[in-house]
Amino acid sequence: MTISGFAFSTLTVMPGATVTVKNADSAAHTVKVNGTNVDVNVPGGGTATFTAPATAGTYPLTCDFHPAMHGVLTVAG
Ligand SMILES: [Cu+2]
């Protein structure tokens, strides 16, 4: 997954996959996977990883720092 221009790229992953997030912005972001306890900090110009949910579904993504940021993570069944 990439964060660029204060926007999350869309991504479909398998359950439990390790997801790498690359932040192309100079600002720090978080990836909060709503409905789970995942909320990782991604430094400006940096990367972070998290484990995708084990249950298939569509999970809204938000950023703690920028309430206007919304994305979607799809976990394939
Ligand atoms: Cu952000």
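Given the whole protein assembly as supplied and a 1.4 Å probe, what does the accessible area of Thr36 come to in Å², nearest 10?
50 Å²
For Val72 and Ala24, what is the calculated FRET efficiency with R₀ set at 22 Å and r taken between the beta-carbons, to the nearest 0.05?
It comes out at approximately 0.75.
Quantify, in whole percent, the carbon and sulfur part of the accessible surface of the chain (1.4 Å probe; protein heavy atoms only).
56 percent
For a paramagnetic label modelled at 7 Å from the Cα of Asn41 toward its Cβ, which residues of the stretch 2-34 fall within the zone defined by backbone nitrogen distances under 15 Å?
In the stretch 2-34, the label zone of Asn41 (backbone N under 15 Å from the point 7 Å along Cα→Cβ) covers 27-32.
What accessible area per residue, rounded to a whole number of Å², is obtained for the chain using a probe radius of 1.4 Å?
On the way: 3940 Å² over 77 residues.
Accessible area per residue, the chain: 51 Å².
Using DSSP to call loops (not H, G, I, E or B), can you name the chymotrypsin sites (Phe, Trp or Tyr not before Pro) in the stretch 1-68 whose Cβ has at most 13 other Cβ atoms within 10 angstrom?
Listed in order of number, the matching sites are Phe6, Phe65.
With labels modelled as points extended 7 Å from the Cα through the Cβ direction, what inter-label distance (nm, one decimal) is found for Thr55 paired with Asn34?
Going from the Thr55 label point to the Asn34 one covers 1.6 nm.
Rounded, prolate or oblate: which one fits the chain, using the alpha carbon gyration tensor with axes a ≥ b ≥ c (rounded when a/c is under 1.5, else prolate when a/b beats b/c, else oblate)?
Verdict is prolate for the chain.
The values are calculated or read from the model by the stated rules, or taken from the named source; none is laboratory data. Just so we're clear, the structure is a prediction, and the values are computed from it rather than from any experiment. Positions of Cβ are generated from backbone atoms using ideal geometry, with glycine treated the same way; all protein chains shown enter the neighbour counts. Note: accessible area is taken over every heavy atom of the protein model, side chains too, but ligands, DNA and RNA are not part of it. Shrake-Rupley method; radii C 1.70, N 1.55, O 1.52, S 1.80 Å.
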